[in-house]
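Worksheet: the structure to be examined is printed underneath.
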Amino acid sequence: MSLFSGSLDASRRYAQVAVERGIERVGEDGAELLYEIPAAMETPGGMQVGERVEVPLGKKKVGGVVVGVGGPELLGDIDPLKIRVIGKRSGAMLPGPLVELAKWIAGYYVCPLGMVLATMVPSAVKRDVGKREEVVLVRGEAALPERPTANFRELCEKALALPADGFPMTPVALKIALAESSLRGVNKMVKLGLLREETREIIRAHGAAPSEQAFGVDKSVTLSDEQAKAVEGILPDLGPIGKFAVHLLYGVTGSGKTEVYLRLIRSMLAVRPEASAIVLVPEIALTPQTSERFAQRFADLGVAVLHSGLSASRRHSEWARVASGDARVVVGARSAVFAPVPRLGLVVVDEEHDTSYKQDQLPRYHARDVAIKRAQIEACAVVLGSATPSLESWANAGGEDSTRKDTAGGGDETRTVKTEGEKQNRGKQSRYRMWKLTKRVGGGELPRIRIVDMYQERQEARQLGLRDPSVLPTLRRALLGTLQEGSQAILLLNRRGFATYVGCAGGASCGWVLGCERCDARMILHRDAALKSGELVRCHHCLSECVVPRVCPNCSRGLVRLGAGTQRVEEELRPLLDELSLGADALIRVDRDTMRTAQDYFGALAKFASGRARLLLGTQMIAKGLDFPGVRLVGVVSADTGLNLPDFRAGERTFQLISQVSGRAGRADARGVVIIQTMEPQNPAIVLAAEHAFERFAATEIAARRKFGLPPATRMARVVCRDEKQAALRTRAVALAEWLRAWSSRHNAGVKVRGPAEPPVARIADQYRLGIELVAPRAGLVQEALRAARTEGLVKSDSKTAVDVDPVSLM
């Protein structure tokens, strides 16, 4: 009973609001604050869970989302006279399942609920960008006046003959529909009551809409036997009654995974006409090609595109179309997993292995795992697709068993597993089935892959008189032949800039290297024609920039510029293109330095798709999902850029990157060729990628992970402590690690605590860093440890601490 029960007004209503601030309150009540609902907001319909409101917090007004509504029973021991009143509604509304999903994310990823809900609603929606009021016309109830003129009678008859579902419409739209030259007749009908004016809210979107058919016309195709088997196997989980199920579609590059997605969505919408589908892609660079194909196939249902590259008003407009049900298919990058569809029927996560699905700032969620959890909440199916599945998904789908048994159709066996982020709930199992597409559609062959030893190639380059080239002789000859025959080529170098090392030419006798003053990292050289010196150095961690000194500041010797990035390779290739008389437009460089906006991406990809550009050079953003039939050659300039990083996933990432970019070659009739330049030609990740042997690689890698107690054999979380003062940082990090060890020992939890230890980059933006890793057999154990530390105030969601559950990188 409340201490204030004698003074309670039973008619008053209250709302629990999760404010969009980093408020840390751990417990059953979460981080919600209680506010009184003013009487004016109780009608019509009353306050609803999921509504976004503005509330007072201290001396400010902040946004928040209603997560609970009730009467005086919500007060507990709170004095009702101290309860403040909700300011106003904002208009945005999150469906109930999204609020439930937000609560799960807040708990699992150790993040304030309000911050999760703030992430779910785009800023453009919160600010009502593009929202306007406009006057529209509906049919009135007045009768035609006596003795109208012949012209006016004819005008009224034309208006009456218009389809009823065409109203309401704007006066200008009606004028055009009636083929009138002015609004005089329309205004007269309004004045006489034949038409009635109403005001409605619209969102006027600005910015370029996706171009139509920039990547070709969607063709009707006949499913292969493997595609048909996958579709038929998944369809039972897409019936009229929703059913949670997880399917892994493992198919080689070019095997037609996208066509399977299209067929599944069409079939689902046929039996559930009120439902919607969400399709996630890892990069906004993939969005135009994917969305165009979906838009052509589902023009009758409406396709919305959601990604960060949209203008604010268009993002608001697309979000509103999704929320209203006008767009039944949603295509977008990571944040599209929060699309406010009224009823969800299917979720597709394409290229599910991609690390860009993991957000690198608060809340640090993984969109693949969140998609699975959302599907579980809304009782629908989720399909994960990849040519190189993450080892977590592969293990969950029983991939190890299929490798040992050497079976080709592993999808026939139902496996009991958990959602990717929830294997701790052993009592709540769900069906997780794997379907394999082992052949390219249309009888195409996987490309021939050749590994070349960069050490030997450099010796040959010196004999040919080539000065320190990045594109070595074998790849250079293949590239020249490909361009001469009129085909296209893709070159991958997952490192941008011109040079990765700027240092004293004196070498070890001096030892000076140009490093970042704010980070423990080297500066990267970039060429810039707009500068007087023509070049600058930039830190890729804190983005600090400075000019390049003329000489070594220690000994006044000259400087050397070593290592290669995409900018250097572009400069190296320009003379080759001139030699072939192809011109400057024949080469497009795609990296973060050249692709500043989403339209830059889309324009570059459309230009390459049209054949106007013949050579695409870029970082990993060009390595996945893109389908260009004219590409005959793919070259990996250096397969070693990520191979020797101090991260246990380095081999897996290298295998995936090589396999994905190799898959861009030979997707039409002719077989493609891939040339991989490497200093480690015997490395298993490179050798097995060249053999298209994912299952063998996965079996070997998972066995090694199990031996050393690493995911997916275990579950992991990482806490990175940060501070400007090293001594204070170490004191705090050591105290946290010791507390976690003591907690695990006291509760016999089996949580191993590693660290604190310096990450590979020990200081970023003047903040020293120490990492602590928690490893346990089950995710639930890791969650309990983090929850306990959070309750004690040792783990907070602030600038001094970063909590990363299921990290994809240890850098």
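The values are calculated or read from the model by the stated rules, or taken from the named source; none is laboratory data. The structure presented is a predicted model; accordingly, all values stated were derived computationally and were not measured. Positions of Cβ are generated from backbone atoms using ideal geometry, with glycine treated the same way; all protein chains shown enter the neighbour counts. SASA here: full protein model, heavy atoms, side chains in, ligands and nucleic acids out. Shrake-Rupley method; radii C 1.70, N 1.55, O 1.52, S 1.80 Å.
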**Prompt:** Which of rounded, prolate, oblate describes the range 593-740, given a ≥ b ≥ c as roots of the alpha-carbon gyration tensor eigenvalues and a/c under 1.5 marking rounded, otherwise prolate only if a/b is larger than b/c?
**Reply:** oblate
**Asked** How large is the accessible surface per residue of the chain, computed with a 1.4 Å probe and reported in Å² as a whole number?
**Response** 44 Å²
**Prompt:** Going through the range 36-77, which trypsin sites (Lys or Arg not before Pro) have at most 15 other Cβ atoms within 10 Å and a DSSP loop state?
**Reply:** 59
**Estimated inter-spin distance, residue 158 and residue 221, nm [label 7 Å along Cα→Cβ]** = 4.9 nm
**Fill in**
Residue by residue through the range 347-359, the couplings from Karplus 6.51 cos²θ - 1.76 cosθ + 1.60 with θ = phi - 60°, in Hz, x for Gly and Pro, are 10, 10, 10, 7, 6, 4, 6, 5, 6, 5, 6, 8, 6
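How about the range 707-811: which GluC sites (Glu not before Pro) there are in a DSSP loop, with at most 12 other Cβ atoms within 10 Å of their Cβ?
724, 792
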**Complete:** Summing -39500 (n - 2.57) over every DSSP H run of at least 4 residues in the chain and dividing by its residue count gives a helix-only mean residue ellipticity at 222 nm, to the nearest 500 deg cm²/dmol, of -9000 deg cm²/dmol
**Prompt:** To the nearest 10 square angstrom, how much accessible area does residue 557 have with a 1.4 angstrom probe?
**Reply:** 110 Å²
**Message:** Quick check on the range 695-770: take the gyration tensor over C-alpha atoms, sort the square-rooted eigenvalues as a ≥ b ≥ c, and tell me if it's rounded (a/c under 1.5), prolate or oblate.
**Reply:** oblate
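Give me the percent of DSSP beta bridges within the chain that run antiparallel, rounded to the nearest 5.
Counting DSSP beta bridges with both partners in the chain, the antiparallel share is about 55 percent.
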**Request:** On the full set of protein chains, 1.4 Å probe, figure out the accessible area of residue 763 and give it in Å² to the nearest 10.
**Result:** 40 Å²
**Prompt:** How much net charge surrounds residue 751 when only the other residues with a Cβ under 9 Å from the Cβ of residue 751 are counted, with Lys and Arg +1 and Asp and Glu -1?
**Reply:** +1
**Prompt:** How large are Rg and Dmax for the range 740-811 when only the alpha carbon atoms are used, in Å?
**Reply:** 12.8, 39
**Prompt:** Helix by helix, which DSSP H runs in the chain go 27 Å or more along their axis at the Cα atoms and have an average Kyte-Doolittle hydropathy of -1.0 or more?
**Reply:** 726-747
**Complete:** Expected vector for the range 499-516, Karplus 3J(HN,Hα) from phi with 6.51, -1.76, 1.60 and θ = phi - 60°, integer Hz, x for Gly and Pro, equals 9, 9, 9, 10, x, 5, 5, x, x, 5, 5, 10, x, 6, 10, 6, x, 6
**Whole-angstrom gap from the range 534-591 to the range 72-115, using each part's C-alpha centre** = 51 Å
**Item:** 769, 196, reordered so the largest accessible area comes first (probe 1.4 Å)
**Value:** 196, 769
**Request:** Holding the Cα-Cα limit at 27 Å, pick out from 60/126; 624/752; 158/191 the pairs that are longer than that.
**Result:** 624/752
**Request:** For residue 190, tell me the accessible area in Å² from a 1.4 Å probe, rounded to the nearest 10.
**Result:** 40 Å²
**Item:** 20 Å reach of a label modelled at residue 501, 7 Å along Cα-to-Cβ, counting backbone N of the range 629-644
**Value:** 637-644
**Message:** Within the chain, what whole-number % of the accessible surface is contributed by carbon and sulfur, with the 1.4 Å probe and all protein chains included in the calculation?
**Reply:** 49 percent
